[in-house]
Amino acid sequence: MIRVQEAKTIIKNQIFPSEMENVPLSKAENRVLTQDVTATFPMPRFDNSAMDGFAVRAVDTQGANQSHPVSLKIVGISSAGTPSDVTLGSGECIQCMTGAKIPVGADTVVMVEDTSGFSEPDAVKIFLEVHPGKHIRKKGEEIRERDVLISKGTRITPSEIGILASFGYGDISVAKKPRIAIFGTGDELVEPGNELESGEIYNSNLFVFAELVEKAGGEVTIRNVIKDDKDALRSFLSKALETCDVIISSGGVSMGRFDYVRDVFMELGVQEYFWKVAQKPGKPLFFGTGNNTLIFGLPGNPVSSYIGFMEWVWSVLETMMGIPESKPTTGILAEPFPREKVKYRYLFGHAWLEDGKLVCKPSTKIGSHMLSSSLEANCILGGEPGDGLFEPGEEIRIRILPWKTIR
Ligand code: AMP
Ligand code: MG
């Protein structure tokens with residue numbers, strides 16, 4: 001049995017980076033950038049109007065007010081996408097819509113609400129004195145050319161998609177999705193949607209794994225529930241070793257009579273790095289490599305499987321895709337947290353903000369078979385081994401589940 005930190009270091013040394021591929025922008029969501037994205041032009045790209053109104057010379061509006069409007073001659077229209085090529089002279093203006101290029105000679109915009117409106121084709125009354133630069137979005141005021149906008153290793157969300165689109169990227173280089181094989185073992189497992197016979201249970205772990213793989217950014221390429229049978233396991237695993245970057249199993253790595261997963265890995269020439277880690281839940285955690293594939297054998301209990309994926313596999317997938325490691329977060333316990341003498345203790349938990357501080361408490365259901373402990377949870381709490389309990393007020397590590405919110 002090795003310690004969590006030691007096991008993490010062993011795994012880190014075996015991680016290999018994903019290759020890259022180009023994807024169209026419409027398929028880039030949740031993918032990870034493989035290079036910095038820089039501004040290929042300033043933003044805005046040209047001085048343009050922030051309002052529908054009239055592009056004018058500020059000096060021409062001097063002294064204008066509601067009772068003494070200034071009348072200006074309309075010499076053109078500049079609309080978004082169709083700029084006017086007229087140069088503005090003294091006493092002249094140009095109808096100028098939101099997003100339209102500011103015509104040469106104009107230095108400010110009067111919004112239509114402060115004028116007699118668009119109805120007159122030849123002249124307009126201006127009811128307000130305006131200063132130069134009013135309602136003009138200046139070239140480069142938001143972003144300078146060649147600024148780094150998004151760093152490599154960023155997971156692409158709607159914000160990044162928007163920026164990539166506004167700089168004209170039709171496709172973008174991202175890390176290839178790690179190809180993942182997930183499998184569950186057990187004669188008792190039945191797929192949801194079917195009837196259960198005596199002693200059977202539904203396979204839930206592979207559904208959790210499939211969701212987690214997708215959220216992390218991988219792709220499940222093979223998935224199977226396998227009976228506790230060595231031949232079936234052997235044929236599944238040899239195919240998975242051939243075609244996948246990561247294999248994740250649930251169940252069959254414990255000390256039971258029918259826990260064959262580790263034996264079959266050994267028969268297939270997998271190099272074992274460890275098989276037991278000082279943690280609860282999930283002590284029988286197997287890690288090995290073979291044929292450029294990382295292999296995680298997680299125990300079958302639903303909470304061990306779920307927490308095991310989040311604690312051991314999630315960050316590995318992120319590292320493969322080039323996402324920088326995040327710093328651990330801590331919170332203050334509002335309730336006691338059970339401590340183990342020699343094992344690192346994980347529990348689903350709930351975290352919330354109180355006076356700007358992160359406060360948390362563990363789930364009250366603490367059995368590793370109690371999957372409903374994940375329902376109310378928005379985080380996984382982790383406590384170092386030691387004597388006694390973690391008391392309220394003490395700090396504890398928090399892993400926020402990335403798809404949950406903290407309120
Ligand atoms: P094992 O690790 O195979 O000894 O399984 C430990 C416990 O987890 C047993 O109660 C199994 O029935 C249960 N289990 C194993 N695989 C799954 C699965 N895919 N979905 C839900 N429960 C499972
Ligand atoms: Mg089993």
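Taken along its three principal axes, the alpha carbon spread of the chain comes to 95, 49, 44 Å, from the longest extent down to the shortest. Over every Cα atom in region 189-258, the radius of gyration and the widest Cα-Cα span, Dmax, amount to 13.4, 37 Å.
Per the Cα gyration tensor, region 1-158 maps to an equivalent ellipsoid with semi-axes of 54, 15, 13 Å, ordered largest to smallest. For the chain, the longest principal axis of the alpha carbon atoms and the long axis of helix 205-216 meet at an angle near 30°.
This model, with +1 at the C-beta of Lys and Arg and -1 at the C-beta of Asp and Glu, gives the chain a dipole about its Cα centre of some 860 debye. Sorted largest first, the spans of the alpha carbon positions of region 223-343 along the three principal axes are 50, 37, 23 Å.
Computed on region 324-407, the Cα convex hull volume stands at 107 Å³ per residue. Specify the angular offset, from 0 to 90 degrees and rounded to the nearest 10, of the alpha carbon long axis of helix 230-243 from the longest principal axis of the alpha carbons in the chain. Around 30 degrees separate the two axes.
Annotation: amide H-H contacts under 5 Å for ILE143 (H modelled 1.01 Å from N, sequence separation of 5 or more, or interchain): MET43. Once you mark the GluC sites (Glu not before Pro) that are in a DSSP loop and have at most 11 other Cβ atoms within 10 Å, what is the longest gap between them in the chain? Formally, the longest exposed-site-free interval is 20-194. Suppose we look only past 18 Å in the calculated P(r) of region 226-296. What percent of the Cα-Cα pairs does that tail hold? So the portion of pairs separated by more than 18 Å is 32 percent. Remark on LEU294: its backbone amide H falls under 5 Å from those of VAL246, ILE247, a criterion applied only to residues 5 or more positions apart or on other chains, H modelled at 1.01 Å from N. Rounded to the nearest 20 debye, the dipole magnitude of region 159-242 is 540 debye, with +1 charges on Lys and Arg beta carbons, -1 on Asp and Glu beta carbons, and the Cα centre as origin. Sites listed here are trypsin sites (Lys or Arg not before Pro) in region 211-308 whose DSSP assignment is loop and whose Cβ has at most 11 other Cβ atoms within 10 Å: ARG257.
In this view, the solvent-accessible surface of LYS12, computed with a 1.4 Å probe and all protein chains in place, comes to about 110 Å².
Within the assembled protein chains, the solvent-accessible surface assigned to LEU375 is about 130 Å², based on a 1.4 Å probe. Amide H contacts under 5 Å for ALA278: ILE2, ARG3, VAL4, restricted to partners 5 or more places along the chain or on a different chain, H placed in the peptide plane at 1.01 Å from N. Going by accessible surface with a 1.4 Å probe and the largest first, HIS135, HIS350 read HIS350, HIS135.
For region 78-143 and region 157-205, what is the separation of their Cα centres, given in Å? Each part's Cα centre sits 52 Å from the other's.
Send over the per residue convex hull volume for region 136-178, Cα only, as a whole number of Å³. About 93 Å³ per residue, rounded to a whole number. How big is the gap, in Å, between the Cα center of region 343-365 and the Cα center of region 1-57? Measuring centre to centre over Cα atoms gives 31 Å.
The values are calculated or read from the model by the stated rules, or taken from the named source; none is laboratory data. Remember, it's a predicted structure, so these values are computed and weren't measured experimentally. Positions of Cβ are backbone-derived with ideal geometry, glycine not excepted, and every protein chain shown enters the neighbour counts. Ligands, DNA and RNA are stripped out before the accessible areas are found, and what is left, the full protein with its side chains, is counted by its heavy atoms. Shrake-Rupley method; radii C 1.70, N 1.55, O 1.52, S 1.80 Å.
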